[in-house]
Amino acid sequence: RLIIEGITALIKKEYPSLNLKLYFAVVAYRDISDQPQFQIQDFTDNVAQVINFLQKLTAQGGGDIPEDV
């Protein structure tokens, strides 16, 4: 959320004459053996939708080697 808000504010401040439409996407991943392995929010310009997706993500697992990317 902070990244989205920061990018949006910076562009409005630095380039006020540009009327840009920003799109954001999220790929949340876990280890190969975890289910679901991926949770994906496709690119959208709907910031509220992306933030809602992020708020529903939860951290789980741990105690093993780094995540599979």
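The values are calculated or read from the model by the stated rules, or taken from the named source; none is laboratory data. Only a predicted model underlies this, so the values are computations on that prediction, with no experimental measurement involved. Because the Cβ atoms are built from the backbone with ideal geometry, glycine has one as well, and the counts that use them run over all protein chains shown. For the accessible areas, the whole protein counts, side chains as well, though only heavy atoms, and no ligand, DNA or RNA atoms are used. Shrake-Rupley method; radii C 1.70, N 1.55, O 1.52, S 1.80 Å.
Below is a table of values for the structure above.
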{"quantity": "Odd one out for Asp31, checked against (1) surrounded by 12 or more Cβ atoms within 10 Å (Cβ to Cβ); (2) under 11 Å from the mean Cα position of the chain (by Cα)", "calculated": "(2)"}
{"quantity": "Boolean, Gln39 is at pLDDT below 85 and over 21 Å from Ile7 (Cα atoms)", "calculated": "no"}
{"quantity": "Evaluation of Thr58 against (1) open to solvent by 90 Å² or more (accessible area, probe 1.4 Å); (2) at pLDDT below 90 (one fails), failing number", "calculated": "(1)"}
{"quantity": "Subset tally (residues that are exposed (fewer than 11 other Cβ atoms within 10 Å of the Cβ) and either closer than 25 Å to Thr58 by Cβ or at pLDDT 95 or above (or both)) for the range 15-28", "calculated": "1"}
